[in-house]
Amino acid sequence: MSTAFLSIDLDAIAANWRALDQASSDTVETAAVVKANAYGLGVARVATRLAAEGARRFFVAAAEEGVNLRRALGPGPEINILSGHMEGDTKLIAEAQLTPMINSADQLVRQLESLPGAPFGVQLDTGMNRLGMEPAEWAALRDIALAQNPTLIMSHLACADEPDHPMNPHQLRIFKEMTAGTAVPLSLSATGGILLGPEYHFNVTRPGIGLYGGRPFEQAATVVRLDLPVIQLREIDAGETVGYGNAWTAERPSLIATLAAGYADGIHRAIARDTVLWAGEYAVPLIGRISMDLITVDVTDLPVEVPSALTLLGDQQGIDVLADTAGTIGYEFLTDLGNRYKRSYLG
Ligand SMILES: *Cc1c(COP(=O)(O)O)cnc(C)c1O
């Protein structure tokens, strides 16, 4: 094994989707968010598996992603575009039968003029101030939009990963006010919102990160496993240094393993100081600086023979552990996982 090996467990993704689906009542439809190439894990494989599992509604960020996804899924499943109907996207939306989530008056006009009778949803801004129509804009357009039978009215929570945050009930109240009296299916919650409880579920939920094994879905099954091959082993004396900037100095005679992956593969330099890798059940510390293509590990205390690869991500340690160390979030770690890995899919 010469290249690093990224394994993606489709059975685990399916199990996480089912678990999040079961967190809602039977009348709530659980969609799947597969934007950014399914959070870096491969949209065709992930979405095909989730469709087989029963997912009928998918969300991506942009029309181009929707076209790709339609190619993978074929006709049938609804593909929603979170950025809505952008200028220049009309042809893609029509040909790939995408459903834009309309975010503004401009987008609504574009949709109704260029694709009359075609399906669309509406995205409302309930306080996040990122995407969607604000209350006044919606009040002015509501009758026009509702007369066209939108497929969905949705909004997004800003603080759902903090269950006690007052923004959650605040946005819930605004969403209820803005959608009162409509018969259109409603959607407010991503992974975090699902975990806030049934009040937040409405008709459709939109989990993303929870499918891929990330926080705040703490019970998620492990999806990603990353094994880095040992290219070289060397013995060094006390006082010798390892890596760029002489960043690490051996305090005793040491055995150092050099592994084939680095920051160009999404292993952030910021995790260098406080991360372990795993040889089966044994943890060994990452040492020195992370290079573009290489990292170094102190395997001096490993009580077994150094294996051909060490595990950076797996059951013992998930994306959130590394993200915490790097001062970022699991989402960023996942979407940064590089293209050089040899990828394999389980299940
Ligand atoms: C990314 C996104 C989601 C999924 O969020 P997770 O936190 O990954 O579950 C849902 N809805 C919208 C609008 C999003 O942008």
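Every number in this text was worked out from the coordinates using simple rules, so none of it is lab data. These numbers were taken from a predicted model, which means no experiment stands behind them. Reconstructed Cβ throughout: ideal geometry from the backbone, glycine too, with neighbour counts over all protein chains shown.
For the reader, a short list of remarks on this structure follows.
- Placing unit charges on each Cβ (+1 for Lys and Arg, -1 for Asp and Glu) gives the chain a dipole about its Cα centre, and among Val224, Leu313, Ile102 the Cα reaching farthest toward its positive end belongs to Ile102.
- Lys, Arg +1 and Asp, Glu -1 on Cβ, resulting dipole of region 224-346 about Cα centre, debye, nearest 20: 380
- Percent antiparallel among DSSP beta bridges (both partners in the chain, rounded to 5): 55
- Pairwise label distance in nanometres, Asp143 with Val304, each label 7 Å out on the Cα-Cβ vector: 7.2
- Rounded to the nearest 10 degrees, the inclination of helix 10-22 to the longest alpha-carbon principal axis of the chain is 40 degrees.
- Considering only Leu322, Ser291, Thr249, the residue lying farthest towards the positive end of the dipole of region 221-347 is Ser291, judged by Cα position with unit charges set on Cβ.
- Panel order for Thr222, Thr241, by other beta carbons found within 10 Å of each beta carbon, from fewest to most: Thr241, Thr222.
- Alpha-carbon centroids, region 271-347 and region 148-218: separation in whole Å: 33
- Order by protection proxy (mean Cβ within 10 Å, highest first), peptides 22-35, 39-52: 39-52, 22-35
- Cα-centred dipole magnitude for the chain, charges only on beta-carbon of K, R (+1) and D, E (-1), debye, nearest 20: 800
- Cβ-Cβ FRET estimate between Ser25 and Glu95, R0 fixed at 30 Å, reported to 0.05: 0.25
- Using 0.36 nm per residue and subtracting the Cα-Cα separation, the extra length available between Glu162 and Glu134 on full extension is 7.7 nm.
- HN-Hα J in Hz across region 183-196 - Karplus 6.51, -1.76, 1.60, θ = phi - 60°, x for Gly and Pro: 9, 6, x, 10, 8, 10, 10, 8, 3, x, x, 4, 6, 6
- For the listed peptides 100-110, 208-218, 83-93, a ranking on the average number of other beta carbons within 10 Å per residue, highest first, reads 208-218, 100-110, 83-93.
- Principal-axis tilt of helix 63-73 within the chain, Cα atoms, nearest 10 degrees: 80
- Nitroxide proxy distance, nm - points 7 Å out along Cα→Cβ at Arg269 and Thr182: 4.7
- Dipole magnitude (debye, nearest 20) for region 61-141, charges at Cβ of Lys, Arg, Asp, Glu: 240
- Taking the chain and dividing mean pair separation by its residue count, relative contact order in percent (alpha carbons under 8 Å, at least six apart): 19
- Compactness ratio for region 115-204: Cα radius of gyration over 2.2 N^0.38 Å (N = residue count) comes to 1.07.
- When restricted to Cα atoms, the chain yields an Rg and a Dmax of 23.3, 77 Å, respectively.
- Computed per residue of the chain from DSSP H runs no shorter than four, each worth -39500 (n - 2.57), the mean residue ellipticity at 222 nm is -8500 deg cm²/dmol.
- A viscosity of 1.306 mPa s and a temperature of 10 °C, combined with the Kirkwood radius over Cα pairs in Stokes-Einstein, give a translational diffusion coefficient for region 77-137 of 136 µm²/s.
- Degrees, to the nearest 10: 167-179 long Cα axis against longest axis of the chain: 30
- Put in line by how crowded their Cβ is, counting other Cβ atoms within 10 Å and starting with the fewest, Thr179, Thr335 read Thr335, Thr179.
- Highest average packing first - 288-301, 131-144, 251-264, Cβ atoms within 10 Å: 288-301, 251-264, 131-144
- Along each principal axis, taking the top coordinate minus the bottom one, the Cα set of region 31-212 gives 40, 38, 25 Å in descending order.
- Each of Ala139, Ala55, Ser114 was placed along the dipole of the chain (beta-carbon charges, centred on the mean Cα), and the one lying farthest toward the positive end is Ser114.
- Arg234 paired with Thr3, simple spin-label distance in nm, labels 7 Å along Cα-to-beta-carbon: 2.6
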